[in-house]
Amino acid sequence: MLQELNRRLSGVLRFNEPMSRHTSFRIGGPADALFVPRDLGELKKCLKETHELGIPVTVIGNGSNLLVCDGGIRGLVIKLSGTLDWIHISGNRVRAGCGVLLSTLAYKAVEAGLGGLEFAAGIPGTLGGGVIMNAGAYGGEMKDVVTSVRALRPTGEECDFSAAEMSFGYRRSSMQNSGLYALEVAMELQPTNKEESLAVIRDLNDRRKAKQPLALPSAGSVFKRPEGYYAGPLIEKAGLKGLRIGDAEVSTVHANFIVNVGNATAADVLALIAHVRDTVYRESGVMLEQEVKVIGEQCEEEYHV
Ligand SMILES: Cc1cc2nc3c(=O)[nH]c(=O)nc-3n(C[C@H](O)[C@H](O)[C@H](O)COP(=O)(O)OP(=O)(O)OC[C@H]3O[C@@H](n4cnc5c(N)ncnc54)[C@H](O)[C@@H]3O)c2cc1C
């Protein structure tokens, strides 16, 4: 079926593509095939054909919140980072394609004299991934700026969702696991003083550099913030900082990050996640919930979120 899809798409698929090349963790077995559409037309055509051929599709942005299992991903992976990355600014309103990086978008907005996305300048994902996850940091989140989202159904038809319909919550939105593909996002920002906004971005990035293990591959915070606590201190208090399984390590810099110190496998990371969750529950009675999305094959069902 994938060969037929490749024929219909004029030979643009990459077969057996290691997902470790497309995730910030640098972990992940092969996707049967990977496709980076050059434009909306190609994306729509691809979805129409995959639907017709019954090929399962997984869409990813920049792979910065993903743990792809060692068995890889069956079917087609569509990667949107590096494509669909246009930005239109008119007054306080910004529309952008879901493939644009949040950092690029935040800086472009500030250059145009618009603030509100400074919090996102250090988040290494795309606008699409940011909206799906309702990404946030330092008191800001995507929900504060998004007014609507245009998406594609698996059949390739477009549909629009208001911010209310997105039901944004802490690191969640109604579009997670919905089978819809986020395509473009409309946002409303506020006039800002360019120099002041740039100073805010510099300050937030310095804080990240000081507190996060940015020199090693990771997928950011592994666990969501439990109500009334912070995951990092709970993990540290349980004595888990620096613990390793294989080449996966609970970061010595920030305990809510798991870092890949060499050739970690997804199985290493999943075993470490399970150990951290169990130990923290035993020590403090708090059940940690995963923020990182686990996808692909060869994982225990219970680890999937
Ligand atoms: C060093 C580091 C720091 C981080 N700091 C933060 C932080 O401060 N705050 C924060 O919230 N996150 C943070 N993250 C996590 C991550 O960057 C965010 O969750 C980001 O929004 C994910 O975007 P992405 O494009 O990489 O999505 P991916 O990881 O590629 O995908 C995430 C999920 O969204 C889905 N998805 C992606 N794009 C689309 C689309 N267009 N349509 C439908 N579904 C889609 C995927 O299928 C997957 O389920 C950090 C990660 C790292 C590595």
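Output the residues belonging to the stretch 116-128 that are more than 6 Å from the ligand (Cβ to nearest atom) and not aliphatic (A, V, I, L, M).
Those that are more than 6 Å from the ligand (Cβ to nearest atom) and not aliphatic (A, V, I, L, M): G116, E118, F119, G122.
Show me the strands (runs of 3 or more DSSP E) found entirely inside the stretch 62-124 where at least 1 residues are touching a strand residue (DSSP E or B) at 6+ places or on another chain (Cβ under 8 Å) and crowded, with 20+ Cβ neighbours inside 10 Å.
Those strands (runs of 3 or more DSSP E) span 66-68, 73-79, 93-97.
Take the residues in the stretch 129-150 that are among the β-branched types (V, I, T) and more than 10 Å from the ligand (Cβ to nearest atom), then tell me which one is most open to solvent (accessible area, probe 1.4 Å).
Only one residue fits best here, namely T147.
Any idea which of (1) farther than 30 Å from A31 by Cα; (2) more than 9 Å from the ligand (Cβ to nearest atom) is the one C159 doesn't satisfy?
Going through (1) farther than 30 Å from A31 by Cα; (2) more than 9 Å from the ligand (Cβ to nearest atom) one by one, C159 breaks only (1).
Counting only residues that are part of a helix (DSSP H, G or I) and free of Cβ contacts under 8 Å to residues at least 24 places away in the same chain, which one in the stretch 1-18 is nearest to P37 (Cα to Cα)?
That would be R7.
Say whether the condition of being among the hydroxyl-bearing types (S, T, Y), open to solvent by 30 Å² or more (accessible area, probe 1.4 Å) and touching a residue at least 12 places away in the same chain (Cβ under 8 Å) is met by at least one residue in the stretch 259-279.
yes
Residue pairs, Cβ under 9 Å, 6 or more apart or interchain, first in the stretch 190-213 and within 14 Å of G116 (Cβ to Cβ), second open to solvent by 100 Å² or more (accessible area, probe 1.4 Å). List them.
Partner pairs satisfying both residue conditions: K194/E111.
Just checking, how many residues over the stretch 50-61 are surrounded by fewer than 18 Cβ atoms within 10 Å (Cβ to Cβ) and away from the ligand (no atom under 15 Å from the Cβ)?
Here the count works out to 4.
For the stretch 162-172, does any single residue satisfy the condition of being outside any helix (DSSP H, G or I), open to solvent by less than 50 Å² (accessible area, probe 1.4 Å) and either within 10 Å of the ligand (Cβ to nearest atom) or acidic (D, E) (or both)?
yes
So which residues in the stretch 28-49 are away from the ligand (no atom under 12 Å from the Cβ), open to solvent by less than 20 Å² (accessible area, probe 1.4 Å) and in contact (Cβ under 8 Å) with a residue 60 or more places away in the chain, if there are any at all?
Residue satisfying the conditions is G29 alone.
The values are calculated or read from the model by the stated rules, or taken from the named source; none is laboratory data. Computed from a predicted structure; not experimentally measured. Every residue, glycine as well, gets a Cβ built from its backbone with ideal geometry; the counts of neighbours run over all protein chains shown. Areas reflect the complete protein model, heavy atoms only, side chains present, ligands, DNA and RNA absent. Shrake-Rupley method; radii C 1.70, N 1.55, O 1.52, S 1.80 Å.
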